[in-house]
1. Is the stretch 511-524 home to any residue that is modelled with pLDDT of 95 or more, aromatic (F, W, Y) and either buried (at least 18 other Cβ atoms within 10 Å of the Cβ) or within 22 Å of the chain's Cα centre (by Cα) (or both)?
2. Which of the residues belonging to the stretch 45-82 are surrounded by fewer than 21 Cβ atoms within 10 Å (Cβ to Cβ), of a type in the set (D, E, K, R) and assigned to a helix (DSSP H, G or I)?
3. From the residues in the stretch 183-205 that are touching a strand residue (DSSP E or B) at 6+ places or on another chain (Cβ under 6 Å) and without any contact (Cβ under 8 Å) to a residue 40 or more places away in the chain, which one is nearest to G675 (Cα to Cα)?
4. Go over the candidates E353, E378 one by one and state the one that is under 27 Å from the mean Cα position of the chain (by Cα), among the charged types (D, E, K, R) and either buried (at least 19 other Cβ atoms within 10 Å of the Cβ) or not assigned by TED's automatic domain parsing to the domain that holds L421 (or both).
5. Could you tell me which residue of the stretch 156-182 is surrounded by the fewest Cβ atoms within 10 Å (Cβ to Cβ), considering only residues that are acidic (D, E) and within 28 Å of D107 (Cα to Cα)?
6. Looking only at residues in the stretch 183-211 that are more than 30 Å from the chain's Cα centre (by Cα) and among the hydrophobic types (A, V, I, L, M, F, W, C), which one is surrounded by the fewest Cβ atoms within 10 Å (Cβ to Cβ)?
7. Name every residue in the stretch 134-143 that is part of a strand (DSSP E or B) and buried (at least 18 other Cβ atoms within 10 Å of the Cβ), in order of residue number.
8. Can you confirm whether K217 is outside the structural domain of W602 (by TED's automatic domain parsing), surrounded by fewer than 16 Cβ atoms within 10 Å (Cβ to Cβ), at positive phi and touching a residue at least 24 places away in the same chain (Cβ under 8 Å)?
Amino acid sequence: MRTLAFTLLLTMMTGFVTNAQMNPETAKPPVAKKIAKQDVLHGEGRIDNYYWLREKTKPEVVSHLEAENAYTASVTGHLKSLENDIYKEILSRIKQTDLSVPYKLGDYWYYTRTEEGKQYSIYCRKRGSMESEEEVVLDLNQLAEGRKFLGLGAYAVSENGSMLAYSLDTTGFRQYRLYIKDLSTGKLLPDDIGQVNSVVWAADNKTVFYVKEDQAKRPYRFFRHVLGGTKDELLFEEQDELYRIWAYRSSDKKQIIMASASSETTEMRSLPSDRPDGAFRILLPREEKHEYYVDHREDLFYIRTNRNAKNFRLVTAADSDPSEKNWREVLPYRPSVKLEGINLFREFAVFTERENGLIRFVLHHFGSGGRKTIDFPEPAYAASGGGNPEFNTTVFRYNYQSFITPSSVYDYDMQSGKQTLMKQTEVLGGYDPSQYHSERIAAKAPDGTVVPISLVYRKGTKKDGSNPLLLYAYGSYGISQSATFSPARLSLLDRGVVYALAHIRGGGEMGEQWYEDGKMLKKRNTFTDFIACAEHLIEERYTSSSRLAIQGGSAGGLLIGAVINMRPDLFRVAHLAVPFVDVINTMLDESLPLTVGEFLEWGNPKKKEEYEYLKTYCPYTNIEAKNYPTILVTTSFNDSQVMYWEPAKYTAKMREFKTDKNLLVFKINMGAGHGGASGRYDAYKEQAFNYAFLLGQLGIAQ
């Protein structure tokens with residue numbers, strides 16, 4: 001029998017140890033070597049002992065990461081049965097061979113379908129009607145053969161339906177290579193455009209506009225390409241590193257729009273889509289902190305603007321001169337209502353509004369000026385427009401779901417008011433929504449702000465403080481978190497877990513001010529809001545601190561890292577997924593993806609005031625010698641948004657400082673990116689592992 005010391009030595013040599021090789025009772029976690037890197041910022045000496053983990057190509061880095069995976073496998077081996085049970089439960093609820101609701105675009109009906117046993121979707125279409133013969137446009141399963149990862153980026157069909165522009169990421173690093181497919185022959189064109197961001201077809205079916213990224217993955221150059229051509233024309237280069245560019249086609253298909261935007265300021269350019277060889281013109285020159293977004297219908301630009309309207313209003317202007325002097329108001333500013341978006345059709349517009357954290361749709365008839373509202377009955381839900389590529393239609397498609405209601409697709413006839421459920425995702429195995437209860441409550445933050453919490457649990461659950469509870473939040477970038485349905489989550493609810501979603505500041509649920517009150521020099525509100533929600537759930541006896549699990553990913557992982565530094569006593573177990581935990585070091589490195597553009601979100605540590613504030617909450621910086629809850633850290637080796645070394649360094653430093661004997665495990669997918677595994681079955685397995693780990697820590701072993 002091999003000794004533990006020899007096994008650990010083998011780990012460092014080979015990077016792999018099986019469950020059978022390592023005893024969970026005596027297993028010791030990998031210890032990262034310390035190599036001090038020192039620098040000075042604002043006169044303050046800074047030492048990072050784990051900077052070396054950034055060196056991705058070095059064998060010792062890979063060996064260390066694989067040793068972490070081996071350790072994780074060893075100390076979680078006893079959960080394998082529970083993990084397998086959860087995975088089987090997830091599969092048992094999902095209709096593995098399924099079909100999406102088709103949508104009409106030009107002469108074709110487009111849809112995707114899945115087949116049991118296959119990881120990826122198959123993109124198809126039928127000409128004229130759904131009774132016609134199927135044409136497979138793109139089979140991702142075939143394209144994924146021999147690959148560990150496959151991500152589809154662009155999927156754009158030319159106006160006459162003859163060509164497909166699509167892009168693929170094969171590593172998880174979100175580097176998408178563009179391909180042009182002739183749909184009449186099924187063959188790829190020889191046009192070699194390389195890596196791109198967004199892609200738009202002109203009306204002539206042979207001109208493609210696309211965006212390329214710089215070394216830091218910032219979309220910054222806009223090109224025109226004519227099929228068969230070898231020399232593409234650079235139309236615009238964004239010099240300001242705060243700005244990123246993208247392109248799209250207007251709802252009426254008459255305009256190609258190129259947007260350049262920071263997180264606070266936008267500038268739009270347009271070109272008639274039937275004159276693809278023309279010059280783009282600026283619609284409204286950029287002005288600091290003026291955000292505007294445009295669409296087009298009947299010689300008018302529809303402009304959603306925050307000019308004198310923090311939560312946005314809607315105006316129109318003639319496309320011949322969209323300057324502010326020609327604006328006509330369509331939807332005025334209302335302080336309590338955020339105008340999140342518009343869908344334009346020939347006869348109607350649909351306004352997507354959010355009030356008190358909840359979405360509603362307002363239908364506007366251009367002829368009569370009449371308006372109708374689509375409201376929803378549940379206390380917490382998610383609703384969004386469903387694509388709606390056809391302009392000349394009276395049907396508005398939208399998606400609806402809640403914690404209890406499975407994902408549903410509705411067609412709403414704006415003329416008659418008739419609403420048709422086109423599909424509700426089938427949940428196999430006898431799912432009964434009447435067995436679950438959803439509600440919305442609120443906590444009070446230290447400054448008196450009322451913070452909403454959405455909850456779901458099985459009916460009959462008693463509020464006696466004994467329930468296990470999983471509290472999730474995000475709270476950054478103004479992104480709103482809504483109550484969505486999850487077939488996998490039923491494995492928690494059916495084991496007695498209460499699930500809670502905290503709508504904390506930094507998100508967008510309660511409007512733009514809600515976002516601004518949780519960013520930059522107000523970022524700590526995000527963390528104290530979350531702590532207040534946790535305390536409120538304990539006070540109201542939904543759970544207790546000994547049965548409270550918390551979870552967040554990416555910027556939400558930063559949240560979890562910050563709150564367990566601030567209040568480690570409050571939680572039993574924490575899951576940090578692809579966590580942005582090394583904020584100061586990352587925001588000092590302008591060569592990394594996202595860094596410069598996010599100076600407006602987090603601050604620039606080269607500025608002393610902003611550095612001092614970041615230092616008060618940066619999770620990596622604030623690790624101390626004290627007791628922490630059990631911690632699960634998960635990430636991917638090819639993540640381009642939060643580099644793998646952030647959670648790797650965080651884990652190493654946490655192992656060095658924490659004084660408790662609670663488990664700390666780090667699991668890294670060596671062949672994926674920010675979103676984890678790309679195949680659906682692989683993603684279900686990752687989710688099953690995460691749930692099994694949390695349940696095990698909450699005392700639920702089966």
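The values are calculated or read from the model by the stated rules, or taken from the named source; none is laboratory data. This structure is a prediction, so every number in the text was calculated from the model and none was measured. Note: ideal-geometry Cβ built from the backbone for every residue, glycine included; neighbour counts use all protein chains shown.
1. yes
2. Result: R54, E60, E66, K80.
3. Once the filter is applied, the top-ranked residue is Q195.
4. Matching residue, one of E353, E378: E353.
5. Applying the filter and picking the extreme gives D182.
6. L188
7. The answer is V137, L138.
8. No; evaluated as a whole, the condition is false for this residue.
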